[in-house]
Structure formats: structure tokens, C-alpha cells
Amino acid sequence: MSTNQRQVSAGVVQLRDDGIVHFVCADGAQLDETNTREMFTVYRELGGEGRLLVLSDIRGMRSSTAGSRSLASGPEANQLHAAAAVIVGNPITRMMGNLFIGLNRPAYPTRLFSDADSAVAWLHAAAELGRSKAS
């Protein structure tokens, strides 16, 4: 594994060349508070300080706990994420993603995608919008 990539209990996190932190969920993974905190730690180690653009591929995810979803939409997540694009595949992961966005309402921009290219383009656009609002 390269220095810009780390194995975590729920999958793999890597820092892409464009600065996006990319999480790929392992097949059958169950996200809970413990492995969500672990991912956040690795996001920060790889992505550095400031708010990060995060690309999460949850197509392999089997389930997530209420604690994981609460943590992913709470104050720590708000400080960590500038924007999050979530890649979903089947109707189940799409439903889980929609429930997270609809019920947990993360304060950072969050959107579901069925492909990585569209997700990355949206993240870059969100970053540009964030930069233009800051100036």
C-alpha cells in the first residue's frame, strides 16, 4: 500500500492526486462508530488540516449503525468535510444514502452519485463554489 493509501477496518482510504480523500468500503462492511472514527482519523492524516473533499464509495456496504450515521453528520464531521460525494450502486445502498441525507441532514454539501466521474466533477465544483464564497 502506498503512503497516500491506508487500509482501515471498513475498507481503504486514499488521498488522490487532486486532493480528494477517497474511501472505498469493503464488500459486506458494517459501518459503526468505531470504524467511522477510524476513517475520520485517517482522513485527517492523509488530507491534512482544513475541510476536506470526500468521495465515499459505499457500493460494498452492508449496513451502518445509527451511531455511525450520527457521527457522520455531527460536529466533528462538519469540521472535517467541505463536501461529500457518495457513490451508490444498488437500490439498497441508494436507499441507505438517501436515508442518511434525509434523516441525518449533514451540514456540509452531500450528494449521491452512481459513478465516480460525476461525483468527482461535483466535488471540484463544490470546492470552487466554496472558494468563491470565501473571497
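Observations on the structure shown:
- Neighbourhood charge, 12 Å Cβ-Cβ cut-off, centred on ILE92 and excluding it, Lys, Arg +1 and Asp, Glu -1: +3
- Shown is the FRET efficiency for ASN98 and THR3, computed with R0 = 30 Å from the Cβ-Cβ distance and rounded to the nearest 0.05: 0.25.
- Span-like helix criteria (full DSSP H runs; alpha carbon extent of at least 15 Å along the helix axis; mean Kyte-Doolittle hydropathy of at least -0.5) are satisfied in the chain by 116-134.
- Secondary-structure-derived ellipticity at 222 nm for the chain, considering helices only, amounts to -12500 deg cm²/dmol, per-run term -39500 (n - 2.57) for DSSP H runs with n ≥ 4.
- Among residues other than SER114 with Cβ under 13 Å from its Cβ, the summed charge is 0 (Lys and Arg +1, Asp and Glu -1).
- Residues LEU103, LEU31, sorted so that the one with the fewest Cβ neighbours within 10 Å comes first: LEU103, LEU31
- Selection of GluC sites (Glu not before Pro), the stretch 21-96, meeting DSSP coil and at most 11 other Cβ within 10 Å: GLU49
- Positive minus negative residues near GLU33 (Lys, Arg vs Asp, Glu; Cβ under 13 Å): -1
- Note that the stretch 14-135, at 10 °C in a medium of 1.306 mPa s, gets a Stokes-Einstein diffusion coefficient of 111 µm²/s from its Kirkwood radius over C-alpha pairs.
- Each Lys and Arg adds +1 at its Cβ and each Asp and Glu adds -1 at its Cβ; summed about the Cα centre, the chain shows a dipole of about 340 debye.
- Only one residue of THR110, GLY47, HIS22 has its Cα farthest out toward the positive end of the dipole of the stretch 5-134, where Lys and Arg carry +1 and Asp and Glu -1 on Cβ, and that residue is THR110.
- Extension reserve of the ARG62-SER114 stretch, reckoned as 0.36 nm per residue once the Cα distance is removed: 17.0 nm
- Mean Cα-pair separation over length for the stretch 5-134, i.e. relative contact order, pairs under 8 Å, 6 or more apart, %: 22
Taken together, the values in this text are just the output of simple stated rules run on the coordinates, not laboratory data. Source: prediction; values computed, not measured. Because the Cβ atoms are built from the backbone with ideal geometry, glycine has one as well, and the counts that use them run over all protein chains shown.
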